[in-house]
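The values are calculated or read from the model by the stated rules, or taken from the named source; none is laboratory data. Predicted, not measured: the structure shown is a model, and the values here were computed from it. Backbone-built Cβ (ideal geometry, glycine too); neighbour counts: all protein chains shown. What goes into the accessible areas is simple: the full protein's heavy atoms, side chains included, and nothing from ligands, DNA or RNA. Shrake-Rupley method; radii C 1.70, N 1.55, O 1.52, S 1.80 Å.
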Amino acid sequence: MARYKKTEEKKNQLLYAAFQALSDLGYDAVTLQIISDYAKVSKGVAHYYFENKESIFIELLTWLTDKIFKKESSSIALEESAIPKLQSYIRSVFISPEENRKFYRVYLDFLAKASRNSVYREINQRFYDNCSQIGYEIITIGQKEGVFNPHISSKEASREIRAIIDGYLIQWLMMDEDQLHDIYHEACLASILKILK
């Protein structure tokens, strides 16, 4: 059991190092040696846990998207009704300028590669399916409560919610102005409410 825990800790150390390296340097610049340097381990240690850079990146994308989904899903579980659930969901996505910048730099690199990499595409699709579940739950509750339009398709609108979220965060990232983070957060929430009401 202790050995398993140590193995998981070392793998997580390498995954976190890969995330930091990707955020700082970009997908194409990162090598297994750079990941090892960020993790402060030898390249041999990285090779022990991962076959190559690609295997680290596949696990990293899975780890990141699963972690984000769990966090976002937990945030809405704390609320009872639709609007507070939606507000909590958006808050859990718009974490902070620093955290959002790191994630979206890495995530956009993965998306750029996903058009040619079926594994990345599958991981991303699973993430979007999970995000749609969150949106679907919020919309369905809101329609039962009478706060959201009963005639909109919960399935279609749940996909639109994540598209709006990612759109606003990517626009904010391109502006590169931390002070606009809260403004984009509020605008994102307002846009989603507009399509749901």
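If I ask for residues that are farther than 14 Å from Lys10 by Cα and either at pLDDT 90 or above or among the charged types (D, E, K, R) (or both), which ones from segment 50-62 would you list?
Glu51, Lys53, Glu54, Ser55, Phe57, Ile58, Leu61, Thr62
Those residues that are open to solvent by less than 20 Å² (accessible area, probe 1.4 Å) and at pLDDT 90 or above, I need them from segment 27-49; list them, please.
At the first step, the residues of segment 27-49 found to be open to solvent by less than 20 Å² (accessible area, probe 1.4 Å) are 30, 32, 35-36, 39, 46.
Val30, Leu32, Ile35, Ser36, Ala39, listed by residue number.
Considering (1) modelled with pLDDT under 95; (2) within 20 Å of Leu64 (Cα to Cα); (3) open to solvent by 40 Å² or more (accessible area, probe 1.4 Å); (4) not basic (Lys, Arg), say which one Tyr120 fails and leave the rest.
Of the numbered conditions (1) modelled with pLDDT under 95; (2) within 20 Å of Leu64 (Cα to Cα); (3) open to solvent by 40 Å² or more (accessible area, probe 1.4 Å); (4) not basic (Lys, Arg), the odd one out for Tyr120 is (3).
As an exercise: evaluate Gln87 against (1) in contact with a helix residue (DSSP H, G or I) (Cβ under 6 Å, 6 or more places away or on another chain); (2) modelled with pLDDT of 95 or more and give the number of the one condition it does not meet.
Tallying (1) in contact with a helix residue (DSSP H, G or I) (Cβ under 6 Å, 6 or more places away or on another chain); (2) modelled with pLDDT of 95 or more, Gln87 fails exactly one: (1).
So that you can scan it fast, the table gives a plain yes or no per residue for (1) closer than 27 Å to Asp109 by Cβ; (2) open to solvent by 50 Å² or more (accessible area, probe 1.4 Å); (3) part of a helix (DSSP H, G or I); (4) at pLDDT 95 or above:
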site: Thr140; (1), (2), (3), (4): no, no, yes, yes
site: Lys144; (1), (2), (3), (4): no, yes, yes, yes
site: Gly167; (1), (2), (3), (4): yes, no, yes, yes
site: Trp172; (1), (2), (3), (4): yes, no, yes, yes
site: Tyr184; (1), (2), (3), (4): yes, no, yes, yes
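Take Asp178 and decide whether it is of a type in the set (D, E, K, R) and more than 14 Å from Tyr89 (Cα to Cα).
Spelling it out, Asp178 is indeed of a type in the set (D, E, K, R) and more than 14 Å from Tyr89 (Cα to Cα).
Looking only at residues that are over 14 Å from Met175 (Cβ atoms) and among the polar types (S, T, N, Q) in segment 89-105, which one is most open to solvent (accessible area, probe 1.4 Å)?
For segment 89-105, the residue satisfying everything is Ser96.
Does Ser23 count as of a type outside the set (Val, Ile, Thr), surrounded by fewer than 16 Cβ atoms within 10 Å (Cβ to Cβ) and modelled with pLDDT under 95?
In short, no.
Please verify whether Tyr16 is open to solvent by 60 Å² or more (accessible area, probe 1.4 Å), among the aromatic types (Phe, Trp, Tyr), under 24 Å from His181 (Cβ atoms) and in contact with a helix residue (DSSP H, G or I) (Cβ under 8 Å, 6 or more places away or on another chain), treating the condition exactly as stated.
The answer is yes for Tyr16.
Sort through Asp129, Asp37 and tell me the only one that's under 25 Å from Lys155 (Cβ atoms), assigned to a helix (DSSP H, G or I), of a type in the set (D, E, K, R) and out of contact with any strand residue (DSSP E or B) (no Cβ under 7 Å at 6 or more places or on another chain).
Checking each option against the conditions leaves just Asp129.
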